[in-house]
Amino acid sequence: MRIARFVTEDQPAYGVVTGEPGQESIVQLVGDPFYQGIQESGQRHAVEDVRLVAPIIPRSKLVGVGRNYADHAKEMGHDLPVSPMLFLMPNTAVAGPNEPVTLPAFSEEVSYEAELAVVIGRICKEVPEERVPEVIFGYTVANDLTARDAQRTDGQWARAKGFDSSAPLGPWIETELDVEDLRITGRLNGETVQDGTTADMVFGVAELISYISQAMTLLPGDVILTGTPAGVGLLREGDRFEAEIEGIGTLTNFFRR
Ligand code: ZN
């Protein structure tokens with residue numbers, strides 16, 4: 001099932017997306033599926049008549065994982081981490097699909113990173129790997145925007161990874177997906193710059209969620225960004241970046257100063 005969040009003329013609402021690519025429609029839901037389950041309201045919209053927004057604004061946190069693909073760690077000149085390398089982003093980092101992102105004034109080197117994002121469905125702590133599927137609501141696409149200059153100078157990554165709109169998510173959450181081996185691509189102004197597979201993650205989804213939950217309680221709507229394959233590069237004013245994951249869809253954003 002594909003769950004989107006969208007705006008018509010009213011407040012944002014959730015809906016279930018159905019139909020073939022290019023002809024999707026959305027059945028509006030009553031309330032918030034993270035807390036009330038899937039209750040259809042009966043109202044239906046064509047996707048082109050609504051504006052999709054980020055499928056989730058986490059209540060508490062986004063957790064990022066650094067250097068989780070060997071070819072990306074190598075291109076950045078780093079060894080592979082021996083355990084997952086975690087960082088936190090505030091929920092104000094979230095932006096939606098097709099949303100223009102203002103590159104932060106403090107950085108001259110903002111990079112794109114196409115990533116698989118895991119959306120948590122229930123409150124959980126110390127989850128054993130074999131029970132991780134029970135706590136996952138679904139998956140979406142992320143672009144883990146990173147200010148490389150701030151990342152180099154700051155030591156901590158709060159500014160480099162946590163500025164406003166540094167974590168575009170979308171276009172929707174896919175709730176039924178096997179993420180063992182999905183193609184993940186990034187296109188800058190139409191040219192393919194990242195082309196990898198989730199099979200190449202150093203630490204897989206179950207391992208990551210279990211590891212993170214040893215340290216902190218995960219809440220419904222929390223989002224885990226699982227790392228990016230090789231091919232990262234810088235964004236400039238006027239650029240368009242598309243992050244695509246097989247079986248989910250394409251997250252497109254535009255960049256401005
Ligand atoms: Zn990343």
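The values are calculated or read from the model by the stated rules, or taken from the named source; none is laboratory data. Given the structure is predicted, the values throughout are model-derived calculations rather than measurements. Note that we place each Cβ from the backbone using ideal geometry, even for glycine, and neighbour counts take in every protein chain shown. Accessible surface areas use protein heavy atoms only, side chains included; no ligands, DNA or RNA. Shrake-Rupley method; radii C 1.70, N 1.55, O 1.52, S 1.80 Å.
Miscellaneous remarks
- Within the range 186-208, the set of residues being under 30 Å from Glu134 (Cβ atoms) and in contact (Cβ under 8 Å) with a residue 60 or more places away in the chain comprises Gly196, Thr198, Asp200, Met201, Val202, Phe203, Val205, Ala206, Glu207, Leu208.
- Val27, sole failed condition from (1) open to solvent by 30 Å² or more (accessible area, probe 1.4 Å); (2) over 18 Å from Val141 (Cβ atoms); (3) of a type in the set (Val, Ile, Thr); (4) touching a Gly at 6+ places or on another chain (Cβ under 8 Å): (1)
- Evaluated against (1) within 16 Å of the ligand (Cβ to nearest atom); (2) hydroxyl-bearing (Ser, Thr, Tyr); (3) open to solvent by 10 Å² or more (accessible area, probe 1.4 Å), Ser60 falls short on exactly one condition, (1).
- None of Gly221, Gly233 is within 16 Å of the ligand (Cβ to nearest atom), in contact (Cβ under 8 Å) with a residue 24 or more places away in the chain and either open to solvent by less than 30 Å² (accessible area, probe 1.4 Å) or at positive phi (or both) except Gly233.
- Applying the set (1) farther than 25 Å from Val193 by Cα; (2) out of contact with any helix residue (DSSP H, G or I) (no Cβ under 9 Å at 6 or more places or on another chain); (3) of a type in the set (D, E, K, R); (4) in the same structural domain as Thr197 (by TED's automatic domain parsing) to Glu40 leaves exactly one unmet item: (4).
- Flag for Pro128 being surrounded by fewer than 22 Cβ atoms within 10 Å (Cβ to Cβ), away from the ligand (no atom under 16 Å from the Cβ) and touching a residue at least 24 places away in the same chain (Cβ under 8 Å): yes
- Condition met for Val141 (in the same structural domain as Ile224 (by TED's automatic domain parsing), in contact with a Gly (Cβ under 6 Å, 6 or more places away or on another chain) and under 21 Å from Met201 (Cα atoms)): no
- The number of residues in the range 236-249 that are open to solvent by less than 10 Å² (accessible area, probe 1.4 Å) and either without any contact (Cβ under 8 Å) to a residue 12 or more places away in the chain or more than 15 Å from the ligand (Cβ to nearest atom) (or both) comes to 1.
- Leading residue by the ranking (nearest to Ile173 (Cα to Cα)) among those in the range 54-86 that are touching a residue at least 60 places away in the same chain (Cβ under 8 Å) and β-branched (Val, Ile, Thr): Ile56
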